[in-house]
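The values are calculated or read from the model by the stated rules, or taken from the named source; none is laboratory data. Being a predicted model, the structure only gives us computed values, none of them experimental. All Cβ positions, even for glycine, are placed from backbone atoms using ideal geometry, and neighbour counts span all protein chains on display. These accessible areas exclude ligands, DNA and RNA; they are computed on the full protein's heavy atoms, side chains included. Shrake-Rupley method; radii C 1.70, N 1.55, O 1.52, S 1.80 Å.
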Amino acid sequence: MELNPDGGEKLVRQKLADQVLDRLLAMMERGDLPPGSRLPGERALMARFGVGRPAVREALQALEKMGLIEIQHGERARVIRPDPGRVLRQMDAAVRHLLTCSPDMREALRQARLAFEQFLVREAARRVTASSLEALRQALTIQEAARGDPARFVRADIAFHVAIASLAGNPLYPALSEAMLGWIFRFFPRLLRAPNVEDLTLKEHAAILSAIAKKDPEAAARAMKRHLLRAHPRYQRALAGEEAAVLPTQ
């Protein structure tokens, strides 16, 4: 609905497929179609909404692209149980397009990651338990074993950071961390491909793990900041200046 210049309301004609989509979304929100349930078949939806097959199929395809339903050949569509990772994966193509078309957003993404990861590692240091610390150590061991295999090493690097996010006590954090790191490594592929960078990355990860194990949030945040800024020349001088400022005078 739009406003006319005189303040009145103007009705906007909607595509049939959009109307079907809106009604199916409303049914999900009301609980008429809870997670795990099957949607009515195409013929039943056509009869219910008084539309043709193309409108129904377009609406179902839109729901599938939104990550709300699963369509399998020969079966009625099924409502998917909400999952943060799945929802963020559905956004992946749109975010990649944004980062491709808007280079400034890449720097914004890097800055967002810096703030987010320092927050996560502080929370991890506060909340770590013996079992979660062992999971983090295992993630680092897997990354050490991936030396020399760039694709495996990147996957293991992401898994290590996601393991830290998992300690922070919020189910959204691991999904956000995994999505953000996927975008980072796509648009900054040289982060883990410079000479000798694997050993340096592992050393930095070990320092982060050590600070978490000591339950020292600020030491963990400093180790994370050094790790994330080391690969970016623009920040190296600022980081060096920061570290010099906290050194004791001779």
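If only one of Ala179, Ala168, Ala125, Ala112 is in contact with an Asp or Glu (Cβ under 8 Å, 6 or more places away or on another chain), modelled with pLDDT under 95 and closer than 19 Å to Ala220 by Cα, which one is it? Reasoning before the result, please.
On the way: Ala179 fails: closer than 19 Å to Ala220 by Cα; Ala125 fails: modelled with pLDDT under 95; Ala112 fails: in contact with an Asp or Glu (Cβ under 8 Å, 6 or more places away or on another chain).
Ala168 is the lone residue from the list that is in contact with an Asp or Glu (Cβ under 8 Å, 6 or more places away or on another chain), modelled with pLDDT under 95 and closer than 19 Å to Ala220 by Cα.
Identify, please: which residue in the range 59-102 is in contact with a strand residue (DSSP E or B) (Cβ under 8 Å, 6 or more places away or on another chain) and basic (Lys, Arg) and is, among those, most open to solvent (accessible area, probe 1.4 Å)?
Restricting to residues being in contact with a strand residue (DSSP E or B) (Cβ under 8 Å, 6 or more places away or on another chain) and basic (Lys, Arg), the top hit is Arg76.
For the range 122-163, how many residues meet the condition of being in contact with a Lys or Arg (Cβ under 7 Å, 6 or more places away or on another chain) and among the small types (Gly, Ala, Ser)?
Total meeting the criteria: 2.
Would you be able to say whether some residue in the range 64-80 is farther than 26 Å from Tyr173 by Cβ and basic (Lys, Arg)?
yes
Within the range 103-118, restricting attention to residues that are out of contact with any helix residue (DSSP H, G or I) (no Cβ under 8 Å at 6 or more places or on another chain) and under 16 Å from His227 (Cβ atoms), which residue is most open to solvent (accessible area, probe 1.4 Å)?
Gln111
Could you check the range 19-58 and list, in sequence order, the residues that are in a helix (DSSP H, G or I), open to solvent by less than 60 Å² (accessible area, probe 1.4 Å) and under 21 Å from Gly74 (Cβ atoms)?
Residues satisfying the conditions are Leu24, Glu42, Ala44, Leu45, Met46, Val56.
Going through the range 184-213 one residue at a time, which ones are at pLDDT 90 or above and either open to solvent by 50 Å² or more (accessible area, probe 1.4 Å) or farther than 13 Å from Phe153 by Cβ (or both)?
Within the range 184-213, Asp199, Leu200, Lys203, Glu204, Ala206, Ala207, Ile208, Leu209, Ser210, Ala211, Ile212, Ala213 qualify.
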